[in-house]
Each structure stands twice: as C-alpha cells, then as structure tokens.
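Each remark here refers to the structure printed beneath this line.
The values are calculated or read from the model by the stated rules, or taken from the named source; none is laboratory data. All values reported here derive from a predicted model rather than from experimental measurement. Note that we place each Cβ from the backbone using ideal geometry, even for glycine, and neighbour counts take in every protein chain shown.
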Amino acid sequence: MERQTSDTPAPAQRAREAAVRLKRLYPDAQCSLVSGGDPWRLLVMARLSAQCTDERVNIVCRDLFAALPDAAAMADAPLSAIEAMVRPCGLYRRKASDLKELSAAILRDWDGRVPDTMEGLLALPGVGRKIANLILGDVYGLGGIVADTHCIRICGRLGFYPESLSDPVRTERIMTPLVPREEQAAFCHRLVQFGRDVCTARAPRCAACPLSGICAHAGAADKK
C-alpha cells in the first residue's frame with residue numbers, strides 16, 4: 001500500500017480526484033450489460049456474466065429474453081431449455097438453476113419485483129455482493145461498490161490497499177467510505193472501461209494514464 005506522507009493526499013481526497021478524472025475521461029459510462037432498464041433482466045445478465053464476457057452475455061440474452069421475457073416465463077420454463085440457451089456463457093447448469101430459482105423467488109417473495117435491499121438480494125440464489133451492489137446502484141440509485149476484477153486491480157494500483165489484495169469484500173469495505181455514495185455506481189462503470197482501455201491487467205499504460213499523478217503503482221515505476 002502507498003505510504004502516507006505529508007505530501008500525499010489523504011485516501012478520500014485521492015479517491016475523489018480519481019473519480020473526477022475518470023468522469024472527465026468517460027462522462028457517459030454505463031453498465032456494459034444491455035438490459036434495457038429492466039431490473040430483472042439486469043439481474044439475470046449479471047448472474048450469467050460470472051466467468052463470462054459481457055459481450056457474450058449480451059449476445060446470448062437476445063435469444064434468451066425473446067423466449068423468456070420475464071420472471072414468470074423463466075420460472076415456468078423447463079430447466080433443460082434454460083440450460084440450452086445459456087450454455088455459451090459457461091457453468092450453464094448452475095447458472096440455469098439459479099436463474100429459474102431466483103425468478104421463482106422474486107415472484108413468490110417479492111411480488112415480481114427485484115429486491116431493493118442488500119439482504120433481500122443476497123437471499124436470491126446465485127446473487128452475491130457484487131451483483132447486489134450492481135442492482136442497488138444501477139436500478140435503485142442507492143450506490144454500491146461493484147468489486148469486480150477491474151475495480152480490485154485498479155484501486156490496488158492506485159494505492160488504496162496492497163496490489164496483492166484479491167478479496168472483493170475487503171475491496172468493497174475499503175472503497176465504500178472513500179467514494180461518495182451517489183458516485184459509486186458510475187465510478188465502478190468507469191473503472192471497467194478504464195481497465196479495458198488503459199489500466200489493463202497485463203500491461204498498464206502508465207505513461208499515457210491521466211491518473212498517473214495520483215497512482216502509487218505509476219509512482220513506484222517512475223522511481224525504478
């Protein structure tokens with residue numbers, strides 16, 4: 001982790017500055033899962049995105065939602081049919097089972113509405129904190145740090161915690177108080193785009209990075 005000195009801005013100040021620079025770079029960043037603003041569809045797509053690219057999920061879900069457009073249709077569909085449609089996303093048996101069960105739970109326990117609390121979302125089959133925070137932030141405007149691989153990698157490189165940290169729950173807990181709640185959803189979407197364009201996993205483009213001046217990783221590289 002970056003060592004705090006008298007010349008190093010406090011973590012919250014650096015987080016705010018990072019958010020400002022990312023917003024300047026990606027003013028209109030949105031979730032790359034194309035759900036059309038439908039909460040249930042976003043939930044389904046988020047579950048399918050585990051160990052699968054968002055691009056593939058978007059393609060698969062065109063046919064999936066044409067056949068099963070809502071929670072009732074998904075809950076009623078034969079499991080084998082769901083498996084066949086989501087197979088290209090990988091881990092298809094577990095994902096299909098979760099989609100069928102979570103759809104049934106939403107109908108049974110939530111009158112067909114996607115829960116708007118962390119507790120309610122975590123009670124759904126296959127939903128963890130990453131998906132729950134995505135729903136809370138994008139659907140309900142309640143904020144939430146979506147600690148995906150981009151978020152974990154980039155925030156570690158920036159120096160908010162050791163770069164070796166790979167625990168999404170710890171990442172969420174560290175970053176939540178540093179980023180204003182109303183900015184958290186957009187901040188995380190911008191990290192995804194930034195991670196694809198600039199701060200890539202294998203070869204970060206530090207020399208061309210607009211965040212290099214507040215980044216521990218870039219600062220350490222400059223001293224070598």
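Contact map, the stretch 73-94: first residue among the hydroxyl-bearing types (Ser, Thr, Tyr), second residue assigned to a helix (DSSP H, G or I) and modelled with pLDDT of 95 or more, Cβ cut-off under 8 Å, separation 6 or more or different chains; pairs are Tyr92/Glu83; Tyr92/Val86.
Residue by residue, here is whether (1) within 22 Å of the chain's Cα centre (by Cα); (2) modelled with pLDDT under 95 holds:
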| position | (1), (2) |
| --- | --- |
| Met1 | no, yes |
| Ala15 | yes, yes |
| Ala46 | yes, no |
| Cys61 | yes, no |
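Assess whether Trp110 counts as being surrounded by 13 or more Cβ atoms within 10 Å (Cβ to Cβ), free of Cβ contacts under 8 Å to residues at least 12 places away in the same chain and of a type outside the set (S, T, N, Q). Here the answer is yes, as Trp110 does meet what is asked.
Scanning the stretch 111-137 for residues that are among the aliphatic types (A, V, I, L, M) and either outside the structural domain of Met45 (by TED's automatic domain parsing) or under 17 Å from the mean Cα position of the chain (by Cα) (or both) returns Met118, Leu121, Leu122, Val127, Ile131, Ala132, Leu134, Ile135, Leu136.
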